[in-house]
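Worksheet: one structure, shown below.
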Amino acid sequence: MPALRVVSDRNDPYVVITVLGDVDTTTVAQLQAEVAQARQISPHLLFDLAGMTFMDSAGIRVLLDAYNHARAHAGSVAICSPRPSPKKVMELVGLTAHIPVHASLAEALAG
């Protein structure tokens, strides 16, 4: 079984990118590819991290790149449902000061 599964789904105005498993240097290319495809559909990305069990600096770089790209292209990035460990990493590096974090997918889509 792969350590990472990433799927995208259109939910206007967002493309919801659902991340399942670990994001690290060995799996990050899969996430980067999905983000690149999602950008072709919409400049508004929503990362559903309810199923993400681990994230290292490689995952932080993907989220930061998505944020910077969205800012440059009149888009947006948001995160929903992060587990405590990945959320702590995002807080420690200051990412949550720039990217909105929602408690659930429903909350993110409503806001």
Taking first residues from the stretch 14-26 that are touching a residue at least 24 places away in the same chain (Cβ under 8 Å) and second residues anywhere that are among the β-branched types (V, I, T), the pairs with Cβ under 6 Å that are 6 or more apart or on different chains are V15/I41; T18/V7; V19/V6; D22/T53
Please specify each residue of the stretch 11-37 satisfying the condition of being within 15 Å of I79 (Cα to Cα) and over 14 Å from the mean Cα position of the chain (by Cα). N11, P13
Restricting to the stretch 28-51, name every residue that is out of contact with any helix residue (DSSP H, G or I) (no Cβ under 8 Å at 6 or more places or on another chain) and under 18 Å from A3 (Cβ atoms). A29, Q30, A33, E34, G51
Which members of the stretch 84-95 meet the condition of being within 12 Å of the chain's Cα centre (by Cα) and not charged (D, E, K, R)? P86, M90, L95
Could you please give the count of residues in the stretch 51-92 that are farther than 15 Å from Q30 by Cβ, of a type in the set (V, I, T) and in a helix (DSSP H, G or I)? 2
All positions within the stretch 25-53 that are at pLDDT 95 or above, closer than 14 Å to S85 by Cα and either surrounded by fewer than 20 Cβ atoms within 10 Å (Cβ to Cβ) or touching an Asp or Glu at 6+ places or on another chain (Cβ under 6 Å) (or both): A50, G51
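The values are calculated or read from the model by the stated rules, or taken from the named source; none is laboratory data. It should be emphasised that the depicted structure is a prediction, and the values quoted were computed from it without experimental measurement. Methodologically, a virtual Cβ is constructed for each residue, glycine included, from the backbone with ideal geometry; neighbour enumeration extends over all protein chains shown.
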